[in-house]
């Protein structure tokens, strides 16, 4: 009876379990990416809300069209007025348009009842979020009030203050969670790499004993760790992309809260974090095992 020969696969320098390591790193990067998407959505939603803060400029009655146009041009040139694609967010609502809108909303024609339209022309401007802090809006209100032809300037002060307070609270909480999550992700990837290299500690010692240089020993491990981080990052980005497409089919307009350049930056950041943390963790683990005595290795 022929003896059964058992062949044990030789360990290759720098090799360690692919699937388990990539799965663990991918999971950590995916969670980080999810939180990154949440941060971007929150920031963009906050910006949208802030950009819709309006200031209403009521004009004196019996102003000529030239005078109204002059006021509009003056307001459009101000830095505190939002400009999108070089177009100032300034809208002129005539008293006739205001009366028509009131009639459509309430069904009551007060012009016919009074025999006159008591409303005033109003210019609505959207204020840049950079000018929402402190006394900026109060100063802007005073400045506009001095423009010739302006009767009154109003804005909902309580709403602006509420938005600012909520933005500060949300920002503080999200920054705190971001720091905690980043630490957790780094620790998880670091421990994954260390556990994977644990099985290679005797191979590393063997290479040292036969005279291999530190660079020669580290190189394959660092290359493989960087490759695993790169692959894990790509998989995580792919999963996030698929999740976004699915969520967009369930929630209309979800992708409107995200910009392509932001998604690109997030994707690159995820891949780079995977590569960087994998490289640094492997470097630290190799250094540790190379300095350990034989008894400590056991």
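The values are calculated or read from the model by the stated rules, or taken from the named source; none is laboratory data. Computed from a predicted model, the values in this text were never measured in an experiment. Counting neighbours? That spans all protein chains shown, and the Cβs are built from the backbone with ideal geometry, glycine included.
The set of residues from region 85-101 being touching a strand residue (DSSP E or B) at 6+ places or on another chain (Cβ under 9 Å) and either over 12 Å from residue 123 (Cβ atoms) or not in a strand (DSSP E or B) (or both) comprises 89, 94, 95, 98, 101.
Go through region 54-81 and give me each residue that's more than 12 Å from residue 147 (Cβ to Cβ) and either outside any loop (DSSP other than H, G, I, E, B) or touching a helix residue (DSSP H, G or I) at 6+ places or on another chain (Cβ under 6 Å) (or both). Scanning region 54-81 gives 54, 55, 56, 65, 66, 69, 76, 80, 81. State whether one or more residues within region 112-130 are over 22 Å from residue 65 (Cα atoms), exposed (fewer than 15 other Cβ atoms within 10 Å of the Cβ) and at pLDDT 75 or above. Yes, region 112-130 has at least one match.
Among the candidates 281, 241, the residue that is without any contact (Cβ under 8 Å) to a residue 60 or more places away in the chain and closer than 26 Å to residue 192 by Cβ is uniquely 241.
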